[in-house]
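A.B. asks: Sending over a structure as structure tokens; questions will come in a sec.
The values are calculated or read from the model by the stated rules, or taken from the named source; none is laboratory data. For clarity, every value in this text was computed on a predicted model and none was experimentally measured. Ideal geometry is used to build each Cβ from the backbone, glycine not excepted, and the neighbour counts take in all protein chains shown. Protein only, heavy atoms only, side chains kept; ligands, DNA and RNA dropped before computing areas. Shrake-Rupley method; radii C 1.70, N 1.55, O 1.52, S 1.80 Å.
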Amino acid sequence: MEKEKKYKKECEVCSQIIDVDVYGQGGCPNCGWWNCFLNEENPSRIAMPNLVSLNKAIKLYKEGKPFEPNFDEFIEDLHSYGEMQFVYNGVLYAVELVCDEDKKTKIQLFNSQTKQSQFFENNNEFKNNAKIGSEYLRNIWEQTTDRYWLQ
């Protein structure tokens, strides 16, 4: 059996030399960024499996901050991944794109503790009306953690 060839390149974010596959893709053990040609071609767009754009990741890395999506980026990620998650006050919430009986896509916010769901017709309705208790999600977003695709 032929041994897989190892390739090297500079990480797009931290400039460390990393191992990549034949397509130039690979995770950086130094900063955690997933290097991919999609990031290089579109540095202002979010490309899977990352949760922020390359440009934002470089800025956050220089500031010593984690690669965390803001609320708008989280919603953009939702449309890439189909389902996302976050934790607020120790409770896991799932946000998913779901189809209703008319095959219309809606956004569902699911509370894993109460098993209750809220449904929203579109991004704007979700951004403006999603609540946890009496708080709008948009207003408490900075207090959420573990923002990621649904695990």
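A.B. asks: Surrounded by 15 or more Cβ atoms within 10 Å (Cβ to Cβ) and under 30 Å from residue 105 (Cβ atoms) - does that describe any residue in region 1-22?
C.D. replies: Checked against the condition, which is being surrounded by 15 or more Cβ atoms within 10 Å (Cβ to Cβ) and under 30 Å from residue 105 (Cβ atoms), region 1-22 yields no hits at all.
A.B. asks: Out of (1) open to solvent by 20 Å² or more (accessible area, probe 1.4 Å); (2) at pLDDT 95 or above; (3) in a loop (DSSP other than H, G, I, E, B); (4) not polar (S, T, N, Q), the odd one out for residue 59 is which?
C.D. replies: Of the numbered conditions (1) open to solvent by 20 Å² or more (accessible area, probe 1.4 Å); (2) at pLDDT 95 or above; (3) in a loop (DSSP other than H, G, I, E, B); (4) not polar (S, T, N, Q), the odd one out for residue 59 is (3).
A.B. asks: Here is a follow-up. So residue 45 clears everything in (1) touching a residue at least 24 places away in the same chain (Cβ under 8 Å); (2) closer than 21 Å to residue 70 by Cα except one condition, right? Which one?
C.D. replies: (1)
A.B. asks: Further, regarding this structure: Name the residues in region 45-56 that are open to solvent by 20 Å² or more (accessible area, probe 1.4 Å) and at pLDDT 95 or above, would you?
C.D. replies: Those that are open to solvent by 20 Å² or more (accessible area, probe 1.4 Å) and at pLDDT 95 or above: 55, 56.
A.B. asks: Next up: Identify, please: which residue in region 26-44 is in a loop (DSSP other than H, G, I, E, B) and out of contact with any helix residue (DSSP H, G or I) (no Cβ under 7 Å at 6 or more places or on another chain) and is, among those, most open to solvent (accessible area, probe 1.4 Å)? Steps first, please.
C.D. replies: Narrowing region 26-44 to residues in a loop (DSSP other than H, G, I, E, B): 28-33, 36, 42-44.
Narrowing the set further to residues that are out of contact with any helix residue (DSSP H, G or I) (no Cβ under 7 Å at 6 or more places or on another chain) leaves 28-30, 32, 36, 42.
Numbers: 28: 9, 29: 124, 30: 86, 32: 56, 36: 4, 42: 66 Å².
Once the filter is applied, the top-ranked residue is 29.
A.B. asks: Any idea which residue in region 62-74 is surrounded by the fewest Cβ atoms within 10 Å (Cβ to Cβ), counting only those that are within 23 Å of residue 29 (Cα to Cα) and in contact (Cβ under 8 Å) with a residue 40 or more places away in the chain?
C.D. replies: Within region 62-74, the match that is surrounded by the fewest Cβ atoms within 10 Å (Cβ to Cβ) is 68.
A.B. asks: Between a residue in region 85-113 that is without any contact (Cβ under 8 Å) to a residue 24 or more places away in the chain and of a type in the set (Ser, Thr, Tyr) and any residue that is open to solvent by 60 Å² or more (accessible area, probe 1.4 Å) and assigned to a strand (DSSP E or B), which pairs come within a Cβ distance under 6 Å, given they are 6 or more apart or on different chains?
C.D. replies: Filtered contacts from region 85-113: 105/99; 112/92.
A.B. asks: Can you run down the residue pairs with Cβ atoms below 9 Å, 6 or more apart or on separate chains, where the first is in region 125-151 and open to solvent by less than 80 Å² (accessible area, probe 1.4 Å) and the partner is among the small types (Gly, Ala, Ser)?
C.D. replies: Every condition considered, the pairs that remain are 136/130; 137/130; 149/80; 149/82; 150/82; 150/94.
A.B. asks: Right, here's the next one. Out of region 75-118, which residues are part of a strand (DSSP E or B), hydrophobic (A, V, I, L, M, F, W, C) and surrounded by 14 or more Cβ atoms within 10 Å (Cβ to Cβ)? Can you show your working first?
C.D. replies: So in region 75-118, the residues part of a strand (DSSP E or B) come out as 83-88, 91-99, 105-111, 117-118.
Applying the additional criterion that residues be hydrophobic (A, V, I, L, M, F, W, C) yields 84, 86-87, 91-92, 94-95, 97-99, 107, 109-110.
Within region 75-118, 84, 86, 87, 92, 94, 95, 97, 98, 107, 109, 110 qualify.
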